[in-house]
Amino acid sequence: MRTLAFLLLFCAAAHGADTVRTNVVGDITTKISERTDKDGKPRLHIETSYQGKKRILQVMIRADTQGKMTLASRAYCAGGKTVMVEADDNGDGTFEHIEVLLPGTDDFEMFTREPDGSLKPASTKEIELTKKEEAVVNKSMERLFQKSAISDEDAGKILEENWRKLQDLQKQENDVAATNVAHDITTKISERQGKDGKPDLRVESFYRGKAKILQVVSRRNNQDKMVVWSRTYSAGGKSIATESDEDGDGMFESLMLFSPDTDGLEIFKRHAKGTVEPESTAEIELVKKTTALAMEPLAKGIQNPDMSDEDISKSLEEARKKIQQLHQQQKDGEKLNGPSPR
């Protein structure tokens, strides 16, 4: 979050001309805003994508210290509200920081992506410092926009003052990150053994206090190696985002985001070249239907605790067939009408 705090002040401090244009592809509308310095050099590029009137994704690209435009952050939305943010602190192309937010509350969780691809939850101390950073930025924005005709000199003073405060807080945050292990995080691990006696499924659940904040599921791939299959992020005790690696190649190709207060669902595809593509409305509706079908056997088991293994198997098989039919119907529809617009 410290990156985002600095980015907000960076945006506010940017002078020069704004250029705005709109692209429409299928049911996705993207508004592009570009800002240049007084010397005409590009400084800021923001792409905000909408599905209908709902904002689903905002990508921010900024100039680094050498003037090169680099991808700084992606903010993902569900139900029109921001639920997950990925940020690249140093412009190396890796999103080192992840923040997951619970809409309608001030609850959020933060994670650091390590060089080996694993995740480290932030300590409670780091989260408290981040909240202070947010307060500094919010106060700065209020002061900047409460007056309709603030002078460049006064705006500069406000930005400089709050920039120093943020730098002080960031120093504290860096000190905490360097010296303090998140002792308030506990981890529970469960494994399932395969027929050969080796683990073929591992579930790691991370908790802050009693609240689950992350669940990592690993399984054996085609090379008989245990690899991470999915990560589910939570905030305020509720699941917010799940990223999945279906083929075990180390890249999380699918990202599903959920807004608990609106039941909003958005799905994105990540590509090897680093881009992110929103799924179509038709694909999202298909996922909702298949998820509901997949949950039917579980619901039946809960409602009927004495249900036999044979009946459970029948229920699972019925759900599997229905899901296959839905996927086949979509394929048939695409053959007749072409792929769903994106």
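Using the structure shown, decide if residue 49 is of a type in the set (Gly, Ala, Ser), under 30 Å from residue 245 (Cα atoms) and either over 16 Å from the mean Cα position of the chain (by Cα) or buried (at least 21 other Cβ atoms within 10 Å of the Cβ) (or both).
Numbers: of a type in the set (Gly, Ala, Ser): yes; under 30 Å from residue 245 (Cα atoms): yes; either over 16 Å from the mean Cα position of the chain (by Cα) or buried (at least 21 other Cβ atoms within 10 Å of the Cβ) (or both): yes.
Against the criterion (of a type in the set (Gly, Ala, Ser), under 30 Å from residue 245 (Cα atoms) and either over 16 Å from the mean Cα position of the chain (by Cα) or buried (at least 21 other Cβ atoms within 10 Å of the Cβ) (or both)), residue 49 qualifies.
Taking strands (runs of 3 or more DSSP E) that do not extend beyond region 26-139, which have at least 1 residues that are basic (Lys, Arg) and under 23 Å from residue 231 (Cα atoms)?
Answer list for region 26-139: 69-78, 81-87, 108-113, 119-121.
Condition check ((1) at pLDDT 90 or above; (2) loosely packed, with under 11 Cβ neighbours inside 10 Å; (3) farther than 27 Å from residue 89 by Cβ) across all residues:
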site	(1), (2), (3)
155	no, no, no
187	yes, no, no
213	yes, no, no
219	no, no, yes
224	no, yes, yes
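Check 243, 277, 266 and return the single one that is among the charged types (D, E, K, R), touching a Cys at 6+ places or on another chain (Cβ under 9 Å) and modelled with pLDDT of 85 or more.
266
Test residue 231 against the criterion of being assigned to a strand (DSSP E or B), more than 18 Å from residue 107 (Cα to Cα), outside the structural domain of residue 125 (by TED's automatic domain parsing) and without any contact (Cβ under 8 Å) to a residue 12 or more places away in the chain, and give yes or no.
no
With 292, 272 as the choices, which residue is farther than 21 Å from residue 51 by Cα and modelled with pLDDT under 80?
Just one listed residue meets the conditions, 292.
Among the numbered criteria (1) touching a strand residue (DSSP E or B) at 6+ places or on another chain (Cβ under 7 Å); (2) in contact (Cβ under 8 Å) with a residue 24 or more places away in the chain, which single criterion is violated by residue 239?
Tallying (1) touching a strand residue (DSSP E or B) at 6+ places or on another chain (Cβ under 7 Å); (2) in contact (Cβ under 8 Å) with a residue 24 or more places away in the chain, residue 239 fails exactly one: (2).
The values are calculated or read from the model by the stated rules, or taken from the named source; none is laboratory data. Treat the numbers as computed from the prediction; the structure is a model and nothing was measured. Every residue, glycine as well, gets a Cβ built from its backbone with ideal geometry; the counts of neighbours run over all protein chains shown.
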